[in-house]
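So the structure is just underneath, and the comments pick up after that.
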Amino acid sequence: FPLLEIKDLTHAYADGHVAIKDVNLSVADGELVSIVGPSGCGKSTLLRCIAGLIRPTQGHVILDGKPTEGIPDNLAVVFQDYSRSLFPWLTVRDNVALPLKRRGMSRAERREAAMEALEAVGLAAAAGKFPWQLSGGMQQRVSIARALAYRPSLLLMDEPFGSVDAQTREDLEDLTLRVRGSDGMTILLVTHDIDESVYVGDRVVVLGSSPGHIKADLRIDLPAP
Ligand code: ADP
Ligand code: ADP
């Protein structure tokens with residue numbers, strides 16, 4: 001069965017605004033699906049429903065064959081807003097290591113996994129620093145390292161590279177492709193950048209607005225080398 005199945009998902013906010021309506025989506029294990037669409041079409045709402053941060057008005061999110069209830073523990077999220085996502089009183093290494101408590105890992109194991117993930121994003125040298133001592137792009141790489149260290153079966157990324165410079169963005173796109181290849185992680189990537197959606201994704205899902213719905217679902221085929 002698919003790793004993630006979204007069935008007839010509808011979400012109306014408290015003010016009655018219907019952000020997404022009757023969304024159906026099936027994502028296979030190991031797939032990397034880009035989600036694109038105009039501002040306000042419901043991309044973030046869809047991710048929040050999957051992450052259990054908001055409760056859909058109707059429909060179901062089925063992860064690993066089970067309907068989700070609250071925040072699934074085999075899932076990690078990278079948000080665009082890095083400035084609110086790291087704890088300022090913890091070092092970079094401890095920020096990355098913290099969620100691993102949920103995995104039941106020892107302190108030494110958590111630190112080792114954190115260092116490995118920081119190395120993957122090129123920030124091993126910043127492990128002992130505090131988030132506020134780093135640039136925005138570096139803080140965002142720390143958020144990505146934290147998600148990678150956790151090794152979730154599903155990684156949700158909401159405009160994760162929107163606030164970094166062009167070179168870092170390309171590096172992080174390549175890193176995303178590498179972790180997907182090596183760890184078999186399943187990834188949903190929300191992006192405004194069509195080039196990025198096609199370069200990184202195996203599939204590009206296009207959302208339309210008012211209310212948000214799936215307009216197109218395209219498989220990206222690479223030419224044979
Ligand atoms: P996107 O991520 O594609 O920009 P969002 O999911 O953030 O879209 O928003 C979808 C629609 O829902 C928009 O019209 C937005 O204004 C509305 N919306 C988002 N959050 C809320 C909220 N907390 N309360 C009411 N409406 C919201
Ligand atoms: P994005 O497009 O990245 O999803 P937005 O700029 O649409 O972000 O929204 C930023 C924040 O404002 C989100 O937390 C969203 O839930 C909230 N928001 C957006 N539209 C509304 C709205 N109409 N009413 C209340 N909150 C909203």
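Expressed as an acute angle from 0 to 90° and rounded to the nearest 10, what is the orientation of the C-alpha long axis of helix 107-120 relative to the principal long axis of the chain? Between the helix axis and the principal axis of the chain, the angle is about 70 degrees. In the elastic network of the chain, a GNM with C-alpha springs shorter than 10 Å, the most mobile of Lys21, Lys101, Lys43 is Lys101. To the nearest 0.05, how large is the calculated FRET efficiency for Asp217 and Gln167 if R₀ is 30 Å and r is the Cβ-Cβ distance? Efficiency at R0 = 30 Å is approximately 0.45. May I ask for the percentage of alpha-carbon pairs in region 42-116 that lie more than 19 Å from each other? Cα-Cα pairs of region 42-116 separated by over 19 Å account for 50 percent. What do you get for the angle between helix 136-150 and the principal long axis of the chain? Use alpha-carbon atoms, 0 to 90 degrees, nearest ten. That works out to roughly 80 degrees. Normalised by 2.2 N^0.38 Å, where N is the number of residues, the alpha-carbon radius of gyration of region 90-136 equals 1.10.
Subtracting the Cα-Cα distance of Ser209 and Ser26 from their residue separation scaled by 0.36 nm leaves 63.9 nm.
Which pairs in the list Lys43/Lys129; Lys66/Lys101; Lys7/Lys215 are over 25 Å apart, alpha-carbon to alpha-carbon? As for pairs spanning more than 25 Å Cα to Cα, those are Lys43/Lys129.
Taking 0.36 nm per residue of separation and subtracting the current Cα-Cα distance, fully stretching the chain between Val198 and Asp73 would add 42.1 nm. Working from label points 7 Å from Cα in the Cα-to-Cβ sense, the Phe1 to Met105 distance is 2.9 nm.
For region 115-147 versus region 1-74, the inter-centroid distance based on Cα atoms is 29 Å. For the options Arg203, Arg107, Arg93, a Gaussian network treatment of the chain with springs between C-alpha atoms closer than 10 Å singles out Arg107 as fluctuating the most.
In this label model, Arg151 and Leu53 are separated by 2.6 nm, measuring between points 7 Å along each Cα→Cβ vector. Using only Cα coordinates, the Kirkwood hydrodynamic radius of region 110-183 works out to 12.6 Å.
Its residues counted as N, the chain yields a C-alpha radius of gyration over 2.2 N^0.38 Å of 1.00. Here each label is just a point 7 Å from Cα along the line to Cβ, and for His17 and Trp132 those points are 3.2 nm apart. Computed over region 136-225, the P(r) curve from all C-alpha pair distances, binned at 5 Å from the origin, holds 3, 12, 22, 25, 18, 12, 7, 1, 0 percent per bin. By other beta-carbon atoms within 10 Å, ranking Asp174, Asp64 with the fewest at the front produces Asp174, Asp64. Its residue count N fixes a reference of 2.2 N^0.38 Å for region 1-130, and the Cα radius of gyration divided by that reference is 1.25. Neighbour counts of C-beta atoms inside 10 Å place Lys7, Lys66 in the sequence Lys66, Lys7, starting with the fewest.
Here, each number is a calculation from the coordinates, and none is a lab measurement. Just so it is clear, the model here is predicted, and its values are computed rather than measured. All Cβ positions, even for glycine, are placed from backbone atoms using ideal geometry, and neighbour counts span all protein chains on display.
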